[in-house]
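Structure record follows, encoded as structure tokens.
The values are calculated or read from the model by the stated rules, or taken from the named source; none is laboratory data. These numbers were taken from a predicted model, which means no experiment stands behind them. Neighbour counts run over all protein chains shown; Cβ positions are idealised from the backbone, glycine included.
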Amino acid sequence: MEQALCTISSNVEVMPGTHLMWLEAPGIASSAEPGQFVTVRCGDFTLRRPLSIHYVSSPEIALLFRVAGKGTLWLSQRQPGERVDVLGPLGNGFGMPPTESRQSKHLLLVAGGMGIAPLVFLTRYAASRHRITLVHGASTAAQLYPWNVVRTGSSSIGKTQRNLPPLPEGVQFLPVTEDGSAGKKGKVTDALPSLLNRADEVYACGPVEMYKTMALTPDENRGEGEMGSNLKLRKCQVSLEMRLGCGFGACYGCTISTRRGLRQVCRDGPVFELDDIIWQEVKL
């Protein structure tokens, strides 16, 4: 972990209200792992803003964030050449299966809305060793990660295409929209039953309601009552999206109940096993 004044390389709106910022952060880039996060000081605001590490291309890191308040609005207005105060990497990221593992050949990544942020880094990290299906759910096509736009060859994407991390070779990207404007119509969890049969392990990031649904998602290729009919019986890691105070375990403001007792999202997470969390007690 280090604190550094990082120079902004680029800051582009890649989806309505959502920015992709590249920062020169060699120290953070050299040690960051998928699922970890940084905290950014936004102007004169007291509390730093926690942001998932979206991608690493040393010596740079990328942050994908939605404008949700005065702090992120300030951050969205920063220009290339300016510097921002960044602390990280923080937290515990996704636990990847060993390279020699033969039981985890196909990984299913599930992103709900802005939950796409940490999963793009994970695709790069794992693509050379595993087959990956990444499903991204959003309310409408405009809120989908623009990989599907880049593939169309549209001349209007310009800066978006130049700044977007590449889609790793062999990764299958499946969009899902609630209004049916792109990909499969419905919620991202609606697509899971048909995908679980080819997934050895599942990694997810999204809102709590998505996780509560996932915890009850059946595998349509198994009969009722059969072992493995519930997603909780598979290895499934989830990254919790929540408001953090200090970001490193001092304030206890992000404490949640798990089957192993109370845990802090910033220090013990943000990644947990799906079945380890007592979801009925989680209020984020």
Would you confirm whether any residue within region 65-76 is within 14 Å of the chain's Cα centre (by Cα), among the aromatic types (Phe, Trp, Tyr), in a strand (DSSP E or B) and modelled with pLDDT of 95 or more?
yes
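Inspect all residues belonging to region 54-71 and state whether any of them is of a type in the set (Lys, Arg), farther than 26 Å from CYS236 by Cβ and not assigned by TED's automatic domain parsing to the domain that holds HIS130.
Looking for residues that are of a type in the set (Lys, Arg), farther than 26 Å from CYS236 by Cβ and not assigned by TED's automatic domain parsing to the domain that holds HIS130, one finds at least one in region 54-71, hence yes.
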